[in-house]
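What follows is a set of notes on a single structure, which appears directly below.
The values are calculated or read from the model by the stated rules, or taken from the named source; none is laboratory data. Model, not experiment: these values are computed from the prediction. Please note: Cβ atoms are built from the backbone with ideal geometry, for glycine as well, and neighbour counts cover all protein chains shown.
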Amino acid sequence: MPIFAYLAIPVEGGKDTLAAELTALPHCEVIPADNKDILILVTDAPDEKAERNLQNKLQKISSLQSLSMTFGCSDQPEKERGDHES
Amino acid sequence: MKPSEKTIGSLGYLLAAVCFLGIGIVQIIPARASADLLLYDLGGESLYKQYDITPDSYLSAGSGDRNLNGFYDLRQYPGSPPRIPHPAEDSFSGKTQNCLSCHARGGYSPEYQKFIPVTPHPDKELCYQCHVPLKEVKRRFQENNWESINPPRLGRSALGGSPPMIPHSLQLRENCIACHTGPGAVVEIRIGHAARGNCRQCHVPMVQTEPVRVFSRTR
Amino acid sequence: MNLDRRSFLKCAAACSAMAAAGSIFPGISFADWKKQEGASGMITWKKAPCRFCGTGCGVLVGVSGDRAVAVKGDPNCSVNKGLCCVKGYHSVQALYGADRITTAKVKRDGKMVEVPIKEALDIVAAKIKETIDKHGKNSVAIYGSGQWTIPDGYVASKLFKGCLGTNNVEANARLCMSSAVTGFMTSFGIDEPMGCYEDIDHANVFITWGNNMAEMHPVLFSRILANRKRRKDVEIIDFATRSTRSSQASDKSILFKPQTDLAVANAICHEIIRNNWVNWDFVNKHVSFHKGKTNIGYGLEDKFQFADQEEPLTFDQYKAFLDDYTPEKVEKISGVPARDIKYMAALYGDPIKKVTSFWCMGMNQHTRGTWINNLVYNIHLLVGKISTPGSGPFSLTGQPSACGTVREVGTLTHALPHGGVANAEDRAMAEKIWDLPAGSIDPKPTYHTVEMFRALDRGDIRFIWIQVTNPMVTLPKLKRYREGALKEDRFVVVSDVYPTPTTDVADVILPAAMWIEKEGLFGNSERRTQHWEQIVPPPGEAMSDTWQIIEVARRLGFEKQFPWSETEYIGKIWEEYRRFHEGPKHNMAPYTVLKERSGVQWPFVNGKETRWRFNPVYDPACDKGRDFHFYGQKDNRAWIWARPYEPAAESPDKEYNFWLNTGRVIEHWHTGSMTMRVPVLYNAVPSSYVEIHPDDAADLGVVNGEMVKIISRRGSVTMPASILGRGVPPRGQVFVPFFDERYLINEVTLDAFCPISKQPDYKKCAVKLEKA
């Protein structure tokens, strides 16, 4: 269950379009900056397969100029942790 | 999965807990003059009764391993009747109690090694009318280009810290306690304040797939 | 836990991205993020009472910069212990409606034009002076509100009753609480409940009389539900005229025909006496028996006058009076099965059970409102279940300061901050504290609310200043009063925060500061005074209602009576007002104490609040050595009244064959001028509707959502039908929430009122229905 955060920089004048397009994708949360043309994208895909699908979709977004990752984490499912605890 | 000694030990532990938790989670709705009238306010009566009879230990019990992804996997779109993820009799045998014996009460199922989700509408007994088994077929008759909408986002409050709106219709899902409390609840939507019983005192419906309305004066 | 862990990780992820963005683009801001996650970070929390109903929940308002951004329940407030209802949680959004009134407007050549507020206040003062010169002092009036803060009501009374010498001071609490007041005054000789909300944690039986608490006082109702769940020996009886959420939550729902609560209450007393469940020790020591006039009328005609005449009764005479009210006879009148009446009587009569009765508008908005209040007190007095933890009759209020500002400050025509205008000592006390010459206050009361608007229509009143209320939605038989307000030579000033049907009839609109945009004090249902400081600045030229009145008073030459500075006027006003209530029966907490605490109950004596009055264990005003002391009445006893059943002013007949009942829903508050502008609340209930029984709807041929025309002898309104919606009326009755100014149900209602309290009955009139 991977969680990633990115700084997303839109093509010129494409901030609103990009925000809308990213919001429409599954497992994506968008936090636009108020005073700069930049967005924060947090992804929370349920599994590796969904994560790969999402990466593919992100690459196809035309209003996106660049995407730089600032955070990454592959959270372990609860079940495995539970075993250690019992 | 081969149960190790350790798992069996914890299973016994769980079973004991389940017997305790399961007590009393049965719908008792007193008879009224007209059965029709029970339906008003989206059948809101069941919520009050359920709150009153559900033990605190159940309301605040920790979750099993159900999560939202699994929850939506069983649904064609948010709000559709979920399919049955475990073996069940194929044809309607008339023994509806087969479903409700587990799904009316919740608790733990040793058979599936899972906590059982509770139905929000235990008064509806003809389960197969809406719920069908989830069976993997090798090849579909024809492919279908169906696309669903995104499920409602969680925790969307109007202000920071204010109670989130109810993002789904309450039809057939009037009993908040069934899905949002207890060990069978989906972990992401299980509430942390189960001691409060009058849910709609703070949470009002605002279905996100419906247009948001704005008040404007007529004159 | 998985949820917390994932939320935490996502939060950490977003924060890392923000940190990265901040290092690349200094000064970058993510305000939207703060809004979403607002419960932490740069928010300061300030206490206030909720601005909506009379429960008086403590809230903490989250402030970021100069804007309110969040609300949470105040855990230090004993009223709600950290819980709110959906209105409270979203209350701060009501400050930011897009059409907020931020400038003063005056009517010039038939059009409203913006003017500086100073100029508008000049016009108001000049108009008051001119009207008094031309038509006399009783031609000017002020009509306020149970949402007035205590200082608002106090300066209004001081200016109009004291300085101008007219008793034309009324408040909308006349429409909501005056039957409760006359009920207390006739039964106990002193106003406001003896118990407190803590009763809920002790009672075994809750009987709600025509009171949909689940929606109208949800926080208190939740407390009842939690008690029932925890203690198991708790029972809720919903005694009502229609099925509601409260009926669904109750253990037993008992429906009665409108107006017949009078008969049922008497039948309960009959049963208590017949079974000898009377607490004789209590009755012999603390109760006396009385009767008043009967066939007292309905106040439908202009200048209606009524004065009750008390006569003492013996217990045997009272018992004989109840002979007409056997459960079997009353079953025929009320439709309540005799066994249900006996069941309720048995609950009240059981010596082990602690019983609390709750009521609000069902009993107060009643052409025999005073009587039904008396009758429920009778039940509690016969069995001695009163003034002890868990046992008592509890009259709930509907507005945040109906008690604080209207009942305690006395902003009704007959009242003063202490006592009434008819009493020479009370007048002298007010004249002394207000620094006015003797004889300034007129000893004769003038107009109660309905009569005040009739006087405006007739032309006896020429100038009216309306603050913090919306009478052009709430007055019964609305058409007459709207047309009256619009007549030539009537001058209407309205202070409000949003445009409403009332500002539509205004000649001057003054922009008002709302709730936390000014310092203020409220008083809730359980004698609790609650202070808040100014938390955010008011928009534009908006000004507190208190300060508006002070500005006008000074323009009229009363600087001496209104000397305070704008920075400290609330504290000074409070300390001056407090002098009226000195003594153990009503002492109020000092300003400094109120500023610190989340509400303080009066009587506040020697640093202690009084939770149960008339009980010497708790109440320092009682004589020592008694088990109870009802010190309000001259005979030191509580009064039981023989009050008969009399029919409603207008009942359904062949032509107008339905009862019309009006009320509220949880999401909207009163006329919706605030809650309709809160997106969450508006989306939950975006329009008013008429609830119809499914069989009546079938007869009429309407399905859910189809339009129905509701017609009475006064007017009509067409609105969507709600079948098996939020509530269900029985056959032959319809129910309409009054919050929606687009469907003015009060065009249809009747302006009949209780002759003793002068409170109109919004719960009963006759209508017919047509499919529209």
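Counting the residues of the range C:725-742 that are crowded, with 21+ Cβ neighbours inside 10 Å and not in a strand (DSSP E or B) gives 7.
Being under 19 Å from C:TRP515 (Cα atoms) and at pLDDT 95 or above is a property that holds for C:ARG100.
When the range C:668-681 is filtered for residues that are within 21 Å of B:TYR40 (Cα to Cα) and either over 19 Å from the mean Cα position of the chain (by Cα) or within 8 Å of chain B (Cβ to nearest Cβ) (or both), only C:LEU681 remains. Counting the residues of the range C:85-128 that are small (Gly, Ala, Ser) and away from chain B (no Cβ under 14 Å) gives 5.
Scanning the range B:165-206 for residues that are polar (S, T, N, Q) and within 12 Å of the chain's Cα centre (by Cα) yields B:ASN175, B:THR181. For the range C:239-258, a residue qualifies if it is within 11 Å of chain B (Cβ to nearest Cβ) and charged (D, E, K, R), and the qualifying residues are C:ARG242, C:ARG245, C:ASP251, C:LYS252. For the range C:9-27, the set of residues classified as assigned to a helix (DSSP H, G or I), within 7 Å of chain A (Cβ to nearest Cβ) and over 51 Å from the mean Cα position of the chain (by Cα) consists of C:ALA20, C:ALA21, listed by residue number. A single member of C:LYS87, C:LYS158 is surrounded by 17 or more Cβ atoms within 10 Å (Cβ to Cβ) and under 27 Å from C:GLY672 (Cβ atoms), and it is C:LYS87.
Scanning the range C:564-583 turns up no residue that is modelled with pLDDT of 95 or more, crowded, with 18+ Cβ neighbours inside 10 Å, assigned to a loop (DSSP other than H, G, I, E, B) and of a type outside the set (A, V, I, L, M, F, W, C).
Residues of the range C:689-702 that are within 12 Å of chain B (Cβ to nearest Cβ) and either in contact with a Lys or Arg (Cβ under 8 Å, 6 or more places away or on another chain) or more than 15 Å from C:LEU724 (Cα to Cα) (or both): C:GLU691, C:HIS693, C:ASP695. Inspection of the range C:129-141 finds no residue satisfying the criterion of being within 14 Å of chain B (Cβ to nearest Cβ), buried (at least 19 other Cβ atoms within 10 Å of the Cβ) and touching a Phe, Trp or Tyr at 6+ places or on another chain (Cβ under 7 Å).
So which strands (runs of 3 or more DSSP E) stay within the range C:304-411 end to end and still have 3 or more residues that are touching a helix residue (DSSP H, G or I) at 6+ places or on another chain (Cβ under 9 Å)? Here the list reads C:355-359, C:392-395. For the range C:658-667, the set of residues classified as in contact with an Asp or Glu (Cβ under 8 Å, 6 or more places away or on another chain) and of a type outside the set (Val, Ile, Thr) consists of C:PHE658, C:ARG664, listed by residue number. Taken over the range C:743-772, residues that are surrounded by fewer than 24 Cβ atoms within 10 Å (Cβ to Cβ) and among the polar types (S, T, N, Q) amount to 0.
Looking across the range B:160-199, just one residue is touching a strand residue (DSSP E or B) at 6+ places or on another chain (Cβ under 9 Å), closer than 21 Å to B:ASP41 by Cα and at the interface with chain C (Cβ under 7 Å from one of its Cβ atoms), and that is B:MET165. If the condition is being part of a loop (DSSP other than H, G, I, E, B) and within 12 Å of chain B (Cβ to nearest Cβ), then the range C:195-216 contributes only C:ASN212.
Within the range C:1-23, residues that are basic (Lys, Arg) reach partners that are surrounded by 13 or more Cβ atoms within 10 Å (Cβ to Cβ) and modelled with pLDDT under 75 with beta carbons closer than 8 Å, at six or more positions or on different chains, in the pairs C:ARG5/A:ASP75; C:ARG6/A:MET1; C:ARG6/A:ASP75.
Report whether or not C:VAL708 is assigned to a loop (DSSP other than H, G, I, E, B), buried (at least 21 other Cβ atoms within 10 Å of the Cβ) and more than 14 Å from every other protein chain (Cβ to nearest Cβ). No, not satisfied. Quick one: in the range B:65-77, which of the residues that are in contact with a helix residue (DSSP H, G or I) (Cβ under 8 Å, 6 or more places away or on another chain) and surrounded by 18 or more Cβ atoms within 10 Å (Cβ to Cβ) is nearest to the other protein chains (Cβ to nearest Cβ)? Across the range B:65-77, the extreme among qualifying residues is B:ASN67. Restricting attention to the range A:17-69 and to residues that are within 12 Å of chain B (Cβ to nearest Cβ) and free of Cβ contacts under 8 Å to residues at least 24 places away in the same chain, the residue that is surrounded by the fewest Cβ atoms within 10 Å (Cβ to Cβ) turns out to be A:LYS49. Could we say that C:ALA638 is touching a residue at least 40 places away in the same chain (Cβ under 8 Å) and among the hydrophobic types (A, V, I, L, M, F, W, C) here? Criteria met by C:ALA638. The set of residues in the range B:37-62 that are over 17 Å from B:HIS121 (Cα atoms) and within 9 Å of chain C (Cβ to nearest Cβ) comprises B:ASP56, B:GLY62. For the range C:446-504, the helices (runs of 4 or more DSSP H) that sit wholly inside it and include 3 or more residues that are touching a residue at least 24 places away in the same chain (Cβ under 8 Å) and away from chain B (no Cβ under 14 Å) are C:449-458, C:478-486. The set of residues in the range C:43-70 that are closer than 28 Å to C:SER395 by Cα, β-branched (Val, Ile, Thr) and part of a strand (DSSP E or B) contains only C:VAL59.
Within the range C:686-705, no residue satisfies the criterion of being assigned to a strand (DSSP E or B) and of a type in the set (S, T, N, Q).
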